[in-house]
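Visitor: Structure below; questions to follow.
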Amino acid sequence: MIIEKCSNGLIGETNVPSDKSISHRAIICGALSQGETIVKNILLSKDVLNTINCFRQMGVSIKVDGSNAYIQGVGKYGFKKPKVALDCGNSATTMRLLSGVLVGQDFSTTLIGDNSLMNRPMERIISPLSEMGGNIEGKEGKYPPLEIKPTNKLKGIEYKLPIASAQVKSAILLASLYSSGKTIIIENKITRDHTERMLNYFGEGILIKGNEIIINNGQKFVGKELYIPGDISSAAFLMVAATLVENSHIIIKNVGINPTRDGILEVLKEMGGEIKVFNKRLVNNEPIGDMEIKHSPLKGCVIEGDIIGRLIDELPIIAVLGALAEGKTIIKDAEELRYKETDRIKAMVLELKKMGAEIEELSDGMIINGVKELEAGELNSYGDHRIAMALSIAALKADGKSIIKGHESVNISYPNFYETLDYLLS
Ligand code: S3P
């Protein structure tokens, strides 16, 4: 993909693809329910298609018509043993959440993925699921393939999350639907709460008391109709593009603004961004709104501590904001970025350096001294969708023509990313 410096501004109104995290959970809850679930405005990106395919392999009928999915739920115990290993592709959400469901089945399964996923840490779910009595093993105890075997001894646990991870929390919550007794999860740092919201929407009572999530072993839940909002993590690329490129003025409609995901709004405002959220409403337990963003000059800021979990996927694009803001931007407490689809700290530091950014790598983040303009370059996405999109936005502010290698990875979460950019730029 070749991207040139842009001087015209992004103008117009657009939607962004539906939320990836919520789409995964809608399929899982729909499959676990009794009866039909209709998911309107589902994301049909590669990651979500992997979740759909895994459930199809286990005998769940999922029909896709336009942007709606019709899931014929089979109930918690209605799945069939898949004939082959379940391939989660690039999607850690699929692998980790599905593991929570699979430890409760009376058949064995194997979970595999692409090169990136086969090297991502899994002891974080193996450990709590084993503590619950699950029979789950990984290569060297920590990597995929995951081998999951039946057990009839699943029990609720009290578990303090050692790392802030919504995927780990969700795997435990899903396994608790198959466990005897009560499960209590204690989280000391905020992570996205879509699983809690969705389980409650489907009727599975979850109690939230301060930083404790309490779930009693599952009752049956029934199919529902739900609407998936736009993904704030995808919207973030357009928000940043419109903020950075002169003369921009855009509106993004129907974006999820769940308070466990909205750190990007806080950071943009603190850096001097002109962004307004309006028309706020609640749709199937998830807050959504419309956004208006205009170009504005930026100043650096410090991003650390509790906010990290609320913007973890936005840090690559926030690094681009920092690279072009006046003064210093510091990102700390974000070591988790090293365990994403690629090591996102290393990738952003290396690639932004190629573009003339003043950026230094920290073990848990980066320090960036803003410059006025970047230089075009041959840039590597490392096959990571969020790195490809962050570098593409950086290229709009770089003198010359940039080449983004591996740009097709945007299909993981934002299949029409380049078409939307073209539309807003023309
Ligand atoms: C996700 C949780 C986050 C996020 C990922 C999606 C989810 O990871 O980075 O893209 O859908 O639960 P953690 O499990 O590390 O919080």
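All of the numbers you see were taken from the coordinates with simple rules; none came from a lab. For clarity, every value in this text was computed on a predicted model and none was experimentally measured. Here the Cβ positions follow ideal geometry from the backbone for every residue, glycine too, while neighbour counts run over all protein chains shown.
Visitor: Just the number: Rg to Rh for region 297-426, Cα atoms, Kirkwood Rh, two decimals.
Guide: 0.94
Visitor: For the Cα atoms of the chain, what angle does the longest principal axis make with the long axis of helix 92-102, in degrees from 0 to 90, nearest 10?
Guide: Orientation of helix 92-102: about 10 degrees from the principal axis.
Visitor: A further question on this structure: For region 45-87, compute Rh as the Kirkwood radius over C-alpha pairs and then the Stokes-Einstein diffusion coefficient at 20 °C and 1.002 mPa s; write the answer in µm²/s, rounded to an integer. Each step should come with its number before you reach the end.
Guide: On the way: Rh = 11.0 Å.
The estimated diffusion coefficient comes to 195 µm²/s.
Visitor: Roughly how far apart, in whole Å, are the Cα centres of region 4-51 and region 107-127?
Guide: About 23 Å separates the Cα centre of region 4-51 from the one of region 107-127.
Visitor: Return the calculated 222 nm mean residue ellipticity for the chain, to the nearest 500 deg cm²/dmol, obtained by summing -39500 (n - 2.57) across DSSP H runs with n ≥ 4 and dividing by the residue count. Write out the running numbers ahead of the final one.
Guide: On the way: 12 runs with 126 residues, N = 426.
-9000 deg cm²/dmol, from helical runs alone.
Visitor: Would you mind ranking ASP384, ASP399, ASP87 by Cβ crowding within 10 Å, fewest neighbours first?
Guide: Details: ASP384 24, ASP399 13, ASP87 19.
Final ranking by Cβ density, sparse to dense: ASP399, ASP87, ASP384.
Visitor: Considering the options THR151, SER170, SER296, tell which one lies farthest towards the positive end of the dipole of the chain, charges being +1 on Lys and Arg and -1 on Asp and Glu at the Cβ, about the Cα centre.
Guide: THR151
Visitor: If you don't mind, another one. Suppose R0 equals 35 Å; then what is the FRET efficiency for GLU270 and SER130 from their Cβ-Cβ distance, rounded to the nearest 0.05? Show your work: numbers first, answer last.
Guide: Numbers: r = 42 Å, r/R0 = 1.19.
Plugging the Cβ-Cβ distance into 1/(1 + (r/R0)^6) gives 0.25.
Visitor: Separate question: Quick check on the chain: of the DSSP beta bridges with both residues there, what percent are antiparallel, nearest 5%? Mind dumping the intermediate values first?
Guide: On the way: 54 of 78 bridges.
Of all bridge pairs located within the chain, approximately 70 percent are antiparallel.
Visitor: Given just the C-alpha atoms of the chain, how large is their convex hull per residue in cubic angstrom?
Guide: Numbers: hull volume 51.0 nm³, N = 426.
Hull volume normalised by residue count: 120 Å³.
Visitor: Here is a follow-up. Rounded if a/c is under 1.5, else prolate if a/b beats b/c, else oblate: with a ≥ b ≥ c from the C-alpha gyration tensor eigenvalues square-rooted, which is region 20-227?
Guide: Numbers: a/c = 1.37, a/b = 1.11, b/c = 1.23.
Rounded, since a/c falls under 1.5.
Visitor: Among all the lysines, which ones have a C-alpha under 16 Å from LYS299's C-alpha, if same-chain residues fewer than 8 places away are not counted?
Guide: LYS269, LYS328, LYS372
Visitor: A further question follows. Count charges around MET389 for me, please; just the other residues with Cβ under 15 Å from its Cβ, Lys/Arg as +1, Asp/Glu as -1. The partial results should precede the final answer.
Guide: Details: positive: LYS20, LYS46, LYS340, ARG344, ARG386, LYS397, LYS405; negative: ASP47, ASP231, ASP313, GLU314, GLU341, GLU351, ASP384, GLU408, GLU419, ASP422.
Net of charged neighbours comes to -3.
Visitor: Still on this model: Looking at the chain, identify the longest residue range that excludes and avoids all GluC sites (Glu not before Pro) in DSSP loops having at most 16 other Cβ atoms within 10 Å. Let's see the in-between values first.
Guide: Details: sites that count: GLU140, GLU246, GLU304, GLU373.
With a cap of 16 other Cβ atoms within 10 Å, the longest stretch comes to 1-139.
Visitor: According to a simple spin-label model (label point 7 Å from Cα along Cα-to-Cβ), what is the distance in nm between HIS249 and GLU147?
Guide: Using points 7 Å along Cα→Cβ, the separation is 6.3 nm.
Visitor: Then there is this: Could you give the angle, 0 to 90 degrees to the nearest 10, between helix 232-244's Cα long axis and the longest principal axis of the Cα atoms of the chain?
Guide: In the chain, helix 232-244 runs at an angle near 0 degrees to the longest axis.
Visitor: Can you compute the label reach from LYS220? Point 7 Å from Cα along the Cβ direction, backbone N cut-off under 17 Å, restricted to region 175-202.
Guide: Taking a point 7 Å out along Cα→Cβ of LYS220, the residues of region 175-202 whose backbone N falls under 17 Å are 177-178, 202.
Visitor: Expressed in nm to one decimal, what extension gain is obtained for the pair MET118 and ASN279 from 0.36 nm per residue of sequence separation less their Cα-Cα distance? Numbers along the way, then the final one.
Guide: Details: separation 161, 0.36 × 161 = 57.96 nm, distance 4.18 nm.
Between MET118 and ASN279, full extension yields 53.8 nm more.
Visitor: By counting other Cβ atoms within 10 Å of each Cβ, how are PHE202, PHE278 ranked from fewest to most?
Guide: Working: PHE202 22, PHE278 9.
Exposure proxy ranking, most exposed first: PHE278, PHE202.
Visitor: Please compute the length gained on full extension between VAL84 and GLU158, using 0.36 nm multiplied by the number of residues separating them and subtracting their Cα-Cα distance.
Guide: Values: separation 74, 0.36 × 74 = 26.64 nm, distance 3.38 nm.
Result for the pair: 23.3 nm of gain on full extension.
Visitor: Continuing with this model, one more query. Nearest 10 degrees, 0 to 90: what angle lies between the long axis of helix 315-324 and the longest principal axis of the chain (Cα atoms)?
Guide: 10
Visitor: Cβ under 12 Å from GLY356's Cβ, GLY356 left aside: what net charge do those residues give with Lys, Arg +1 and Asp, Glu -1? Working shown, then result.
Guide: Working: positive: LYS353, LYS354, LYS372, LYS397; negative: GLU351, GLU358, GLU373, GLU375, ASP399.
The answer is -1.
Visitor: Then there is this: So for TYR178, TYR201, fewest C-beta neighbours within 10 Å to most, what's the order? Can you show the working numbers first?
Guide: Working: TYR178 23, TYR201 17.
Starting with the residue having the fewest Cβ neighbours, the order is TYR201, TYR178.
Visitor: Place a label point 7 angstrom from the Cα of LYS182 along the Cα-to-Cβ direction, then list the residues of region 207-245 whose backbone nitrogen is under 12 Å away.
Guide: Answer for region 207-245: 207-209, 213-217.
Visitor: How far, in nm, would the chain grow between LYS299 and ILE11 when pulled straight, counting 0.36 nm per residue and subtracting the alpha carbon separation? Kindly include the intermediate steps, with their values, before the conclusion.
Guide: On the way: separation 288, 0.36 × 288 = 103.68 nm, distance 2.32 nm.
Once the chain is fully extended between LYS299 and ILE11, it gains 101.4 nm.
Visitor: So what is the relative contact order for the chain, in percent, with contacts set as C-alpha pairs under 8 Å and at least six apart?
Guide: The normalised contact order for the chain reaches 18 percent.
Visitor: Taking K and R as +1 and D and E as -1, what net charge do the other residues with C-beta under 14 Å from the C-beta of ASN254 add up to?
Guide: Within the 14 Å Cβ shell, the charges total -2.
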